[in-house]
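Derivation of every value follows stated rules applied to the coordinates shown; laboratory data play no part. Worth saying up front: this structure is predicted, and the values here are computed from it rather than measured. No Cβ is skipped: glycine too gets one built from the backbone with ideal geometry, and neighbour counts run over all protein chains shown.
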Amino acid sequence: MSRTIEDRPTVPPAAPSKGGPVAARRRALLAGRQWKGKEREYDLFKELTVGVIVVGVLVVGVAAIAGSPDEPTINLQSWGNASPFDFVATASTELGKTSSTATYGPPYSTTTDATQTLGPIDLQSLSGRRIPIDTAADFVTTPLRKLHSEIPALATWDAADSTQQAKWANSYADAIGKAPQGDPAKVKSGSYGPVPAMTAGLLAEAQRGALDGAIQGEGGIFNTDYTRTILFLGDGSYFPDLATAQHLTGDQWGMMNETGNFPGQSWLWLFSFWYQVPAIGGLANADLVVVGLMGLLTVLLALVPFIPGLRSLPRLIPLHKLIWRDYYRRR
Amino acid sequence: MSDTKILSDAETPAEADRSWTGRTRRWVLKRLPPDKLLPNTQPSYVASWIYVFGMGAIASLLFIIVSGVVLSLNGPMWYHLSSVGHFVNSVHLWSVEFFFFFMVIHMWGKFWMAAWRGHRVLTWITGVVSFAVSIVAAFTGYLVQTNFDSEWIAFQAKDALNASGIGAWFNVANFGQMFMWHILLLPAAVLVIVAMHVVLVRVHGVVPPLDADDSDSQLAGVQPTPVQLIDQEVSHVSND
């Protein structure tokens, strides 16, 4: 009568010194067999119930004691009121299309050589300009037009060609950068065209709370896409400065931090770690390198059972003898 | 016209059922009979605190789902406006923190137990995949907190996603898109993968200690049977 693997008599494992493929195959067969030794009582549902109660007490208890973070959002209004000079300077770069968003490349703009690449690999360009952002139109002129603000200045702006528009806006942005405290009121006189009036008008609309709705409304009344607002906020220095103060930026392990004293996404520690390594964090393509590294490490983790050396670590560093200490004590 | 098959005396209705449903039922019952699916005993070596953490992760997941459902019923702004809502949000947050705490310890424990042995590779892989998908699910949760942190994460995280070519389709600044990922797509993915993982654990059983026999024969006070002694000799000869 033929016998299946399950029917065969038990096979004591080879002595530890007996390595090689035969011993490895024997170990694999044994580990896959049905246990025929002593069993202990086990109640799955009882364990689950006890687990739920214990975890429930922990979760509800900590939630009641520690609560959760809820740092209020900032918006264009709070930015305009808290840091008007930064707002005007940023609006000038949006008009001149020299801001971070304007020069970002895909998926927001078509700026050439702006993508992160790794040799010939240019994943960022694959999408093309799938989320088109025209910073001058989306952040400044369209909202002003919608709010009927600075109409004469807008007419002057519209009548000029794009070269002239860029010249005005960039001259003004430079002048603000050189003005005492970056105060737009203290810039040296120059050829700025309608830009000072437009940016001042935009600031006034932001401060009275109309600009948030005007920009958000570009996507319709039910717009739940905050890309434009968030990119505009990020082009200034007010928003990143607030994040820096909360230790949330990439070079502060910010990926795993949370506002206040709450734990954040601590499981992202390795992702965040690579940005702290100067040789990686300082690269122009750091994001692509880190994502690639983490993707590779995740695949390696999943495939540990197939990787010689890695899969042998538990045998070489016998922490399993602590885990199964009762079993090994009886051996 | 119905095609009625007459069964022979030797055939039981269950064995003779060649329908897809019948074949599937037999396949499932063969691999996962009820006593394996819902066991009331475990091998004697299943005696360690490390086994608690897998169950802890599942219990935490239960609290994540329940608190998430309550938050969903009330909408994303509720927790800003109500003390009860804030408390439920806190339960949701801390469930997630405990979920990852338990899951990471569970995973490290399984690594040092080399728990992929004995045809359990897929169990290990589904565990790693559930960890990875859970990270994305939690990440979208942080994006839809509708507070300062979510604003900043949306701004900062876009760079890594855009650089890797994902950001154009997975736009972290698009609240509506992230909200749907967080409350529907990713929880569904986590639940499916965790369910697969648990079923695989039940199918293959708990991995035995390294170099353990499939019985108590190696333990002190337990004498090997004559057949085991012969097999031991054969195995040593084959290794030499």
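Here are a few things to note about the model shown:
- Local electrostatic count, A:Tyr238, Cβ distance below 13 Å [Lys/Arg +1, Asp/Glu -1]: -4
- Computed from backbone phi with θ = phi - 60° and the Karplus coefficients 6.51, -1.76 and 1.60, the 3J(HN,Hα) list for segment B:48-53 is 7, 5, 4, 6, 5, 6 Hz; x is used for glycine and proline.
- Working note: 222 nm ellipticity from helices only, DSSP H runs with n ≥ 4, each -39,500 (n - 2.57), summed and divided by the residues of chain A, gives -14500 deg cm²/dmol to the nearest 500.
- Mean sequence separation of contacting Cα pairs (under 8 Å, at least six apart), scaled by the length of segment A:76-246, corresponds to a relative contact order of 31 percent.
- Segment B:27-85 shape via C-alpha gyration tensor axes, a/c threshold 1.5: oblate
- Short-range pairs are left out: with C-alpha atoms under 8 Å and at least six residues apart, the relative contact order of segment B:45-113 is 47 percent.
- Acute angle (nearest 10 degrees) that the helix A:44-66 long axis makes with the longest principal axis of chain A, alpha-carbon atoms: 30
- Simple point charges give the picture: +1 on the Cβ of Lys and Arg, -1 on the Cβ of Asp and Glu, and for chain B a dipole about the Cα centre of about 640 debye.
- Contact order normalised by residue count of chain A, Cα under 8 Å, 6+ apart, percent: 15
- Per-residue shielding of A:287-293, expressed as the average number of other chain Cβ atoms within 10 Å of the residue Cβ, stands at 4.
- Kirkwood radius for chain B, taken over all pairs of different Cα atoms as the inverse mean of 1/r, rounds to 22.2 Å.
- Where the Cα pairs of chain A fall when distances are cut into 10 Å bins, in %: 5, 16, 20, 18, 13, 10, 8, 6, 3, 0, 0
- Rounded, prolate or oblate (a/c below 1.5 giving rounded, otherwise prolate when a/b exceeds b/c) for segment A:201-248 by Cα gyration tensor: oblate
- Longest DSSP-loop-exposure-free segment, trypsin sites (Lys or Arg not before Pro), chain B, at most 11 other Cβ within 10 Å: B:19-240
- Taking θ as phi - 60° and the Karplus parameters 6.51, -1.76 and 1.60, the scalar couplings of segment B:117-128 work out to 5, x, 6, 10, 4, 5, 5, 4, 5, 5, x, 5 Hz in sequence order, x denoting glycine and proline.
- Range of Cα positions in segment A:76-246 per principal axis (Å), largest first: 47, 40, 36
- In terms of distances greater than 19 angstrom between alpha carbons, the cross-link table entries A:Lys167/A:Lys188; A:Lys46/B:Lys110; A:Lys97/A:Lys167; A:Lys38/B:Lys110; A:Lys321/B:Lys110; A:Lys36/B:Lys110 yield A:Lys46/B:Lys110; A:Lys38/B:Lys110; A:Lys36/B:Lys110.
- Restricted to Cα atoms, the protein assembly as shown shows a radius of gyration and a Dmax of 31.2, 106 angstrom.
- Integer Hz, Karplus 6.51/-1.76/1.60 couplings in order for segment B:144-158, x for Gly and Pro: 10, 5, 6, 9, 4, 4, 5, 4, 5, 4, 4, 5, 6, 6, 4
- In segment B:114-206, Rg over Rh equals 1.11, where Rg is the alpha-carbon radius of gyration and Rh the Kirkwood radius from pairwise Cα distances.
- Residues whose amide H falls under 5 Å from that of B:Asn174, counting only those 5 or more places apart or on a different chain, are A:Tyr226, with hydrogens built in the peptide plane.
- Isotropic mean projected area of the C-alpha convex hull, segment A:231-331 (nm²): 10.3
- The H on the amide N of B:Thr41, modeled in the peptide plane, is under 5 Å from the matching H of A:Tyr42, each at least 5 residues off or on a different chain.
- Across peptide A:23-30, the average count of Cβ atoms from other chains found within 10 Å of a residue's Cβ is 4.
- Neighbours of B:Ala57, meaning other residues whose beta-carbon lies under 15 angstrom from its beta-carbon, give a summed charge of -1 when Lys and Arg score +1 and Asp and Glu score -1.
- Inter-chain Cβ neighbour count for A:224-232, averaged per residue, equals 6 (cutoff 10 Å, partner chain atoms only).
- Once the Kirkwood radius over Cα pairs is known for segment B:16-126, the Stokes-Einstein relation at 20 °C and 1.002 mPa s delivers a diffusion coefficient of 123 µm²/s.
- Furthest towards positive pole of dipole, B:Trp112, A:Ala200, B:Ala59, structure part the protein assembly as shown, Cβ charges: B:Trp112
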